[in-house]
Structures are given as C-alpha cells and as structure tokens.
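**Q** Have a look at this one.
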Amino acid sequence: MNFLYSSSKSDRVNLPRKTFPECYKKAQNLFMSGLQYEKLSRIFCSVYGSGAWFEFCEGAYHVKYKESIDYRYSVLEGLGHGKSAEVDITGVIYHWLNDEEEGSCLSRMITEKATVKGGRVVYDYDPGVVYYLAQHFPQREEVLPEEFVFPWGGVYETHSLINSLYVRCAYHVLTVELVARKRGMKGGAESSLLLVIDRNNLINDIDYLASVGRENIEKFLDFMTYGKAVRSPDPALQPLVVSRSGMFLIPCYFVLTSNTQRNMLSLMARVTPDSFHRQSKIFEHVMVRNIANNFSGRGVCVVNRHYGVKKQREEIDAIILDEGEEFCLILELRWMLQPGDAREVINRLGECRKKVAQLERKIDFVKKNKESVLSDAYGKNIGFTEWTVNGAVVVQGFGGCLSSNPTLPIVTIDVLLAGLSEVDSLRELYRWICSLSWLPKEGVHFKPSFEDIDVGGIKIRRPCIELLVDQKNYVEGLSKSWRF
C-alpha cells in the first residue's frame, strides 16, 4: 500500500464505486499468498530460533520440532490462556443478523431511514440507533490498566474512543447487511461494506458517545491512521486508511474483529517507545496486585520485596507462606504483550526461559538463607529450618512454554487462579501446577495433524493442531484437571 501510494503518478485517483469480480479473484489470491507467507514465516522463525529443523523424506521437507516445544502450550495460546470466555461484540452482531425477533426490531430501526442509490446503501447516522447499539454491546476484556496514559487521555477516554469506533463500524455493517437482505440485493451490497467517510463526519459520529473533545478524537484517529508516524506501516495496527482526497476508508469487519487494545499498545511501543517502556511496569504492578488479592487468604503473601543476606540481594515478586503446611511458594511474574507474529512468539519463549533461570537463582538463595529470608517475609521467626521452598513462573498475555526445570513450571495467571479456586492446600496447588494436568489434552481438546505447503514446486510438511473444543469448554474443564 505504501509503495502504491508513494509511486502514484496522479494526486487524484477515482476509486471504483463498485467491486469487480476480477479484483475479488486477485484479492483472494493475494490473501492466500499472505497466509502462505505467514505459515512459512513461522516455520523459518522456528528453525532460525533453533526450535526446529528440516528432514528431507519421501520428496518433502518435514519440519521437526525439539522435544522442548510442547504442542499443549501452543493450544493453550489458542484457547485464550485459560481466561473465562465472554460474549463478544461480533457474537452480538451475529445474533442480531440471525435472530428473527430481535433482529427484526433492529432492522426496522435501521432500514426505515436507509435507502439505496446507484447500487450503494445510503443512510444517516441515527443517534437513537447509536445508543441502542451501545447499550447492548458487551465491554471487551480490559487489557489496559487504569494508570496507563495515551496522548488523548487515560483508560476511560481510550475505552470510550475504541467503543465509539466499534459502534460506528457495527452501525455501518448492520445497515448494509439488513438493507441488502430487505431489498434482496445481489452480493449482499458488498460494494457498500467499506465505510467511506470524511474526517469531520467521522469525528462527529464518534463524538456522539465518546464525549472526550474533538481535539482528543483527532489525536486518536491520527494514531490509528495507516502510515502515521511509522516507517513500516502495519494495517493490523493502523486500520484506518486516508485517501488522497482526505476521505477515511474503514474496513469495518476488520476493525470489529481486531484486538484493538493490544494493537494500540504494540503501536505505541513503535511510535513512542520511551512513553511505552516508561509505563510498562504498570502492567506488572497490576499483575502483582492481582496475585496479592487472590492469595491473601491462603497464608502470608508478600509481594515486591527485596531480601538481602550478606552481599547477595534478590527481589522476589511474590512469596506465599503457609504455616500449617510449612510450605513456601515463590512466584516469578512476567506480563507480556500478546504476540502478533512468529518473531514475537520466539521472543516471548525466550523471556519465559529467562524467568525460569531467574527463579532457580532466587529459590537457591532462599533455601540457603531460609531463617533470614522467611522470617523477614513472615514478620517473625517461627522456625523455618524444615520448611519446603518451591516456585513457579507465572505469565500473563502469553500461553507460555515447557519449563526446562520440571520443579519450576510455567503457568498462566488465569490457570493459576482457576486452580487456586479449586484447591484448599498451597502444597496441592503447587503439585497440580507441576503435574501439567491443566494443559489441553490430546484427543480431548485437540488432535495433531499435518499440513503440506507447496512453494515453487518444493514441498514442505509441517505438524499442526486441530482444535476439538472452544475456549469456554476448556475453561469449564479446568475444575476437573486438579484431580490428578
């Protein structure tokens, strides 16, 4: 897109108002090529990162992964890390388009003020419908902590702007779909699905709900505009395209199905890295508070404290002590931005392994200095010589990977807290985490398969996974996995 934009010989190009079948075919070919590129990127990133290698057998290059690459963690990533499944905006839209009773009510509200001109759906943005949509849309999981700040304001302003953009996009696709259905339009009025709108009207439409001031709306739109302030634009992070004439071209379905909060954080790390890194500690502070609140009734829980003995000093994210069991659980915490491509996955795997090494060092330190460290954490010395000290790495925003040390497992915070709600004993909780029985099970949650990729006549066969359940089914089954 950048190349086409910069090499255009004319300042003004008349965009076609209707879609052409040949363009659809070429777009499909481009899309499929993009998927193949993404698959190859994953393979070669794994090989480059020393996690896999090629073996030539029976006319094809087979991708082989090391034993340390555990498919179950990959499945956990695909199943949302163990988070509870929630109703999403896209599910609500699907419901409206397929539920006759509720859909007919919304259809009347929308279609009575919409019409078709020149084969395109035309309508006015009705405040009544806007508020109806906003009231029925569920709030997506809040990734952003309260203290985080963007150029246009804090988390409240950010959610207001994101949700207002979602409502604007939903209003558009619902109108096009419902009018096309009512009029029996061939192709479902596909030429109208792209929202083409000028800047002033878009600001006004977002301002209906956001109410954060025009200046802040403009900052938000500039941030989300393709190519703004970046050298290598990514349409996933900046989905709003502006034409040479200043019109916004918005792929509404793409926006609605995007993880906008995550994408904005990733974009901020590129555009204003100093501000992002300065605030990144906030995520870990929120994670620490979450651990402290949930473990407060399970013994003495101390977070973010430095312990020093002689010349050695360590900071321990969380240390939980159970006097009845004479058991100490040390947690090494790591918040991560959910990876967006194969390269980022490799980086996250490296961070997980670093955390295991750090935890090994800290546990060794505590074991060698039990009386001093545990007395400091507990508040008094009750005799800690016979206590057992163990630990785990807890990650958030990523599914994790198999630990190089089976006694120091890697677990997501969502799975950890799900287990905490099921077991009464801190020692049993640790045993459950170590058992890995909470990981997705082959034949129950997924089944392994293979995929053949043809690249210029060269065949590559890679292992892949087919999910057998959705996120909701997996989370509901977690309560049974602690009975190992």
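**Q** Taking Ser211, is it on the phi > 0 side of the Ramachandran plot and either among the hydroxyl-bearing types (Ser, Thr, Tyr) or touching a Cys at 6+ places or on another chain (Cβ under 7 Å) (or both)?
**A** yes
**Q** How many residues are more than 19 Å from Gln238 (Cα to Cα) and not charged (D, E, K, R) when one looks only at region 209-225?
**A** Number satisfying all stated conditions: 5.
**Q** Examine region 314-332 for a residue that is assigned to a strand (DSSP E or B), surrounded by fewer than 16 Cβ atoms within 10 Å (Cβ to Cβ) and free of Cβ contacts under 8 Å to residues at least 12 places away in the same chain, and state whether such a residue exists.
**A** Yes, region 314-332 has at least one match.
**Q** Checking the conditions here, which among Val212, Val255 is in a loop (DSSP other than H, G, I, E, B), in the same structural domain as Gln139 (by TED's automatic domain parsing) and within 27 Å of Gly128 (Cβ to Cβ)?
**A** Working: Val255 fails: in a loop (DSSP other than H, G, I, E, B).
Of the residues listed, the single one that is in a loop (DSSP other than H, G, I, E, B), in the same structural domain as Gln139 (by TED's automatic domain parsing) and within 27 Å of Gly128 (Cβ to Cβ) is Val212.
**Q** Show me the strands (runs of 3 or more DSSP E) found entirely inside region 59-160 where at least 2 residues are touching a residue at least 60 places away in the same chain (Cβ under 8 Å) and either more than 30 Å from Met185 (Cα to Cα) or among the hydroxyl-bearing types (Ser, Thr, Tyr) (or both). It would help to see each step written out before you state the result.
**A** Working: elements: 60-65, 114-117, 120-123.
Strands (runs of 3 or more DSSP E) meeting the threshold: 60-65.
**Q** Kindly indicate whether Pro440 is within 25 Å of the chain's Cα centre (by Cα), surrounded by 14 or more Cβ atoms within 10 Å (Cβ to Cβ) and either at pLDDT below 95 or at negative phi (or both). Please lay out each step first, then the result.
**A** On the way: within 25 Å of the chain's Cα centre (by Cα): yes; surrounded by 14 or more Cβ atoms within 10 Å (Cβ to Cβ): yes; either at pLDDT below 95 or at negative phi (or both): yes.
Yes, satisfied.
The rows are residues; the columns are (1) buried (at least 16 other Cβ atoms within 10 Å of the Cβ); (2) part of a helix (DSSP H, G or I); (3) modelled with pLDDT of 90 or more; (4) in contact with an Asp or Glu (Cβ under 7 Å, 6 or more places away or on another chain).
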position: Asp414; (1), (2), (3), (4): yes, yes, yes, no
position: Asp424; (1), (2), (3), (4): no, no, no, no
position: Trp432; (1), (2), (3), (4): yes, yes, yes, no
position: Ser449; (1), (2), (3), (4): no, no, yes, yes
position: Ile453; (1), (2), (3), (4): yes, no, yes, no
position: Lys459; (1), (2), (3), (4): no, no, yes, yes
position: Asn473; (1), (2), (3), (4): no, yes, yes, no
position: Ser479; (1), (2), (3), (4): no, yes, no, yes
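**Q** Just checking, does region 367-382 include any residue being touching a residue at least 60 places away in the same chain (Cβ under 8 Å), closer than 18 Å to Leu426 by Cα and in the same structural domain as Cys401 (by TED's automatic domain parsing)?
**A** yes
**Q** Give the residue that is modelled with the highest pLDDT, with candidates limited to residues of region 163-182 that are among the charged types (D, E, K, R) and over 16 Å from His95 (Cβ atoms).
**A** Step by step, filter region 163-182, then rank; the result is Arg168.
**Q** For the structure I just gave you, tell me whether Gln28 is surrounded by 12 or more Cβ atoms within 10 Å (Cβ to Cβ) and either in the same structural domain as Ser192 (by TED's automatic domain parsing) or at pLDDT 70 or above (or both).
**A** No.
**Q** While we're here: List the number of the failed condition for Glu314; all other conditions in (1) in contact with a helix residue (DSSP H, G or I) (Cβ under 7 Å, 6 or more places away or on another chain); (2) closer than 30 Å to Glu38 by Cβ; (3) charged (D, E, K, R) hold.
**A** Looking at each condition in turn, Glu314 falls short on (2).
**Q** For Lys480, state whether it is under 12 Å from Val75 (Cβ atoms) and without any contact (Cβ under 8 Å) to a residue 40 or more places away in the chain. Break it down stepwise before answering.
**A** On the way: under 12 Å from Val75 (Cβ atoms): no; without any contact (Cβ under 8 Å) to a residue 40 or more places away in the chain: yes.
It is false that Lys480 is under 12 Å from Val75 (Cβ atoms) and without any contact (Cβ under 8 Å) to a residue 40 or more places away in the chain.
**Q** Looking at region 386-404, I want the residues that are over 17 Å from Gly350 (Cβ atoms) and in the same structural domain as Glu323 (by TED's automatic domain parsing) and have a partner that is among the acidic types (Asp, Glu) and surrounded by fewer than 19 Cβ atoms within 10 Å (Cβ to Cβ) with Cβ atoms under 7 Å, at least 6 apart or on another chain. Which pairs are those?
**A** Note: pairs meeting the criteria are Glu386/Glu326; Trp387/Glu326; Thr388/Glu326.
**Q** A further question on this structure: Among the listed residues Ser245, Ser232, Ser266, which satisfies the condition of being of a type outside the set (A, V, I, L, M) and in a helix (DSSP H, G or I)? Steps first, answer last, please.
**A** Numbers: Ser245 fails: in a helix (DSSP H, G or I); Ser232 fails: in a helix (DSSP H, G or I).
After applying the criteria, what remains is Ser266.
**Q** Just to check your reading of the model, which residue among Gly400, Gly350 is in a helix (DSSP H, G or I), of a type outside the set (Phe, Trp, Tyr) and closer than 30 Å to Glu38 by Cβ?
**A** That would be Gly350, the only listed residue that is in a helix (DSSP H, G or I), of a type outside the set (Phe, Trp, Tyr) and closer than 30 Å to Glu38 by Cβ.
**Q** Which condition number in (1) assigned to a helix (DSSP H, G or I); (2) of a type in the set (Asp, Glu); (3) crowded, with 21+ Cβ neighbours inside 10 Å is the one that Asp364 fails?
**A** Of the numbered conditions (1) assigned to a helix (DSSP H, G or I); (2) of a type in the set (Asp, Glu); (3) crowded, with 21+ Cβ neighbours inside 10 Å, the odd one out for Asp364 is (3).
**Q** Now for a different question. If Asn293 passes every condition in (1) exposed (fewer than 14 other Cβ atoms within 10 Å of the Cβ); (2) more than 18 Å from Asp414 (Cβ to Cβ) but one, which one does it miss?
**A** (2)
**Q** Oh, and also: Look at Tyr125 and say whether it is farther than 30 Å from Glu22 by Cα, at pLDDT below 95 and either surrounded by 13 or more Cβ atoms within 10 Å (Cβ to Cβ) or in contact with an Asp or Glu (Cβ under 8 Å, 6 or more places away or on another chain) (or both).
**A** yes
**Q** Another question, then. What is the number of the single condition among (1) closer than 22 Å to Gln261 by Cα; (2) buried (at least 19 other Cβ atoms within 10 Å of the Cβ) that Gly213 does not meet?
**A** Here Gly213 meets the rest and fails (2).
The values are calculated or read from the model by the stated rules, or taken from the named source; none is laboratory data. Because the structure is predicted, anything quoted here is derived from the model rather than measured. Please note: Cβ atoms are built from the backbone with ideal geometry, for glycine as well, and neighbour counts cover all protein chains shown.
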